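No lab work stands behind these numbers, since they all come straight from the coordinates. Predicted model, so just to flag it, every value in this text is computed and none were measured. Here the Cβ positions follow ideal geometry from the backbone for every residue, glycine too, while neighbour counts run over all protein chains shown.
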Amino acid sequence: MKKSIYSLVLMDEVVEAVDRMAYAMHTSRSNLINQILAEHLSCITPEMYMQTVFSQIEALMEQRMEPLRILESTSAHMLAMHSPLAYKYKPTLQYSVELYRTPKQNADGRLRIGLRTQNAELLTMLDRFFRFWVLLEQTYGGGAAEYVISAGRLERTLHDPTSGDGERFGELICGYIDLLDSCVKLYFSGASHPQQTLAELEARYCREIRQSGGISI
């Protein structure tokens, strides 16, 4: 949505109250006033749309058998969650969903997954998984996602195919993370027989693609 600069005359007490609330919400004065006015006038701001997406992800995550732990957010544009791996050294995966206020390079957001570790064995295993996962995506998943793999980390662009349905977009993102999380855990649990595990991963991915009609984000 386009933004322009306007002059408003406001009471000092109102501005002080807005500033306190904006600070608590980790946002700016202008952005908070914009949200308040939009809500009062039944306009949907990008921030409100993001909140709908994130709320849907949180609600669906709570229904999982082993829900990912949602982290306290410091930004209206981002949602982060942790997922423990049943593997030696007790590593923890972090997923981070960032949504853009306006599309950037034809993407509506970005998903990051990674481990904070210096352990060479873990980094090598995760790198192999990420490369295999991207190969699966590019072979079977279709879509226009772009990927960046770095040490212990995978980044993937997100594209909103819903034409403004925040709940549906949240559902698609949650389903994707759910599949990715289950596959990375299967990969680590089957580290002692990698070829068999990779075959199982491919079968699971393809089965999910058939059932869901394809990964469209």
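Please report how far the C-alpha centroid of region 165-217 lies from that of region 87-138, rounded to the nearest whole angstrom.
13 Å
Explain nothing, just the number: relative contact order of the chain, from Cα pairs under 8 Å at least 6 residues apart, as a whole percent.
Here the relative contact order equals 17 percent.
Determine the relative contact order of region 117-206: mean sequence separation of Cα pairs under 8 Å and six or more apart, normalised by residue count, in whole percent.
Relative contact order for region 117-206 comes out at 22 percent.
Per residue of region 46-63, in order, report the coupling 6.51 cos²θ - 1.76 cosθ + 1.60 (Karplus, θ = phi - 60°) as ³J(HN,Hα) in whole Hz, putting x for Gly and Pro.
Whole-Hz 3J(HN,Hα) from phi for region 46-63: x, 5, 5, 5, 4, 4, 5, 4, 5, 4, 5, 4, 4, 4, 6, 5, 5, 8.
Sequence-distant or interchain residues sharing an amide H contact under 5 Å with H159, placed H: which?
D108
Which whole-Hz ³J(HN,Hα) couplings does region 152-167 yield from phi under the Karplus relation 6.51 cos²θ - 1.76 cosθ + 1.60, θ = phi - 60°, glycine and proline marked x?
x, 8, 10, 10, 9, 6, 10, 10, 8, x, 9, 6, x, 8, x, 5
Please sort 69-78, 118-127, 172-181 by packing, taking for each peptide the average over its residues of neighbouring beta carbons within 10 angstrom, highest first.
Ranking the peptides 69-78, 118-127, 172-181 by packing returns 172-181, 118-127, 69-78.
Residue by residue through region 74-89, what is 3J(HN,Hα) from phi via Karplus (6.51 cos²θ - 1.76 cosθ + 1.60, θ = phi - 60°)? Round to whole Hz and write x for glycine and proline.
So the J values, rounded to whole Hz, are 10, 8, 6, 9, 9, 10, 10, 8, 10, 9, x, 9, 7, 8, 4, 6.
Using per-residue counts of other Cβ atoms within 10 Å, averaged over each peptide, order 102-111, 12-21 from highest down.
Output ranking for 102-111, 12-21: 102-111, 12-21.
Mind jotting down a quarter of the surface of the convex hull over the alpha carbons of region 125-217, in square nanometres, one decimal?
Approximately 5.9 nm², given one-decimal rounding.
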